Amino acid sequence: MRRILMAVGVGLVAMAPLPVMAQLRLPNIPGLPGGVPIPPVPGLGELMGDRPPVSTSLEDAKTELPLLDDYDPQRVAPASQLRRGEHGSFVVVPGVYEYEAQSYCLHAGTHGPGQGDGYLYAPLLGKRETIVRRVLQNSVAHPDIPQRDIQLLLWAILSRTRFNDLSSDLQAAGRRLLTREDINDLNGGALGNIPPEVQRRIFAELPPAVRQVVQAEANLRSLLTRGNASYAEMERIAVLAGEVGLGEGSREVPTGRWSMHPSGLFIRYNPSGYSRTKVQFALPDRYTITRDTLGRITSVTDSQGYRSEVVYDDRIAPRPHPTDPQLVAYAFQSVRLTRPNPANRAQTEQVEVQNQGWAFTHAPRRAASNPVTLAAALPLPGFFTAQGDRYWDWARRGREAYDQQQAVRDYWERFDRATRDRSAQDIDDLTDLGHYRDGVEAATTGSTGDRVGWIADHHERQRGALLYAICVLEERCEPGSSRTYDPSGDVAVPGNTSRQRLGQSARGF
């Protein structure tokens, strides 16, 4: 009997972080062992030490990209224009796409998404990850099955409810989405209703956040086996309403932050409640980036012929960053933007500015051949002086450059635990591209005339070069190739651990 009680404890708190689990102690329930026996509960013995059905957490979100926090593309195409592959997956060609996805609660007993909550990509993990994914995948081929029935089936899986104890309608939907082996698995690993007295005693010993979740799962299990509860009743239990503070292990994640997806895409989530999520994903175009012998970027060109190029003014001595001596600012002598003429692709249009702008560049860590010798500095007002607007631009961009560098280093530190090491030069090269982009945009923004619109479009296209550089560094880019994106293996996890994690699907609204 004591073995059964231990199994109840482990089964109920399996979703808690290990440090919390280690501190849990079962209550001293009078009459045990000996005394009044507890009715047998199916499946308890199998739950000892097991992972929960879905275990994905914020700790599994390791590919967020703060470097792209200012990347908010305006040229976004509907994902509906993409060809569909197996299980409704998207066959993605270079570009930025979005769709309103049907999403699902995968963390019963927590609060729904709130205003300002940022979400990140994490993989679907847990003991029932294959079954959960199959439900989400196969739902695309059965658009007649209501989203609510799919959610109820997922809640049954999360709460370890026997499949055969579900309503006949829900079983009918489940048989269309699952294999016979899946159903046998769900029946064999189920957890029956725990006697109320035992439940009260055990739950009283759990930390509040853990108790909230396991109580919700127990209540869902009871309602699902009862068979006549309304969806609204179960939703109130699974998805808590109202405001909530930061949960343990939370971290700051701004709305709209991009993550790197294993397929080589860039992805971000913006949920409207737990059942609807706007998903944006991007596959970068191919870019060509050139540098001079000092390692400074001199041009960026995409496959469509959009090009930015700069000439540095080496009469002006470079100025080092105040806190990072490896980061040096160089003045521009000229900046030129070029694009194909929309009316005649054989021709080009250009905008050029003189003696405006500058960019940070890292002093090359690798040996440079035939280094450029800088001429004596000439006093040109406005560059790197404490006079006028450029001083404030220097101060602002200097802070941003430093923060950007730290964000990239933090990202590689987390991500490299599972992949190859990146050299300091790799990181410098990547962040230099961001500094170059900032410098070119600052120098050419505000240009007047009928070219203002295409200059803004040009800037957005050039921002895609940063995505391409990240993709190359991750060794995930194959220029000119398409990618297959299947959302069913993805979980959108919030920076606030008190809120819902959301399963994704290729079913849209």
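Here are a few things to note about the model shown:
- For the range 48-109, the set of trypsin sites (Lys or Arg not before Pro) satisfying both a DSSP loop assignment and a count of at most 16 other C-beta atoms within 10 Å is given as 75.
- Paramagnetic reach from residue 484 in the range 254-275 [backbone N under 20 Å; point 7 Å along Cα→Cβ]: 261-267
- The slack in the chain from residue 148 to residue 402, taken as 0.36 nm per residue of separation less the alpha-carbon distance, amounts to 86.7 nm.
- Chain lengthening between residue 299 and residue 51 when straightened (0.36 nm per residue, less Cα-Cα): 84.2 nm
- Across all directions, the average flat footprint of the convex hull enclosing the Cα atoms of the range 202-292 is 10.8 nm².
- Annotation for the range 205-314: GluC sites (Glu not before Pro) lying in DSSP loop with at most 10 further Cβ atoms inside 10 Å of their Cβ are 243, 252.
- Cα centroid of the range 85-143 to Cα centroid of the range 227-284, whole Å: 9 Å
- Residue among 80, 132, 112 farthest towards the positive dipole end of the range 56-142, charges placed on Cβ: 132
All of the numbers you see were taken from the coordinates with simple rules; none came from a lab. Remember, it's a predicted structure, so these values are computed and weren't measured experimentally. Don't worry about glycine lacking a Cβ; one is built from the backbone with ideal geometry, like all the others, and counts go over all protein chains shown.
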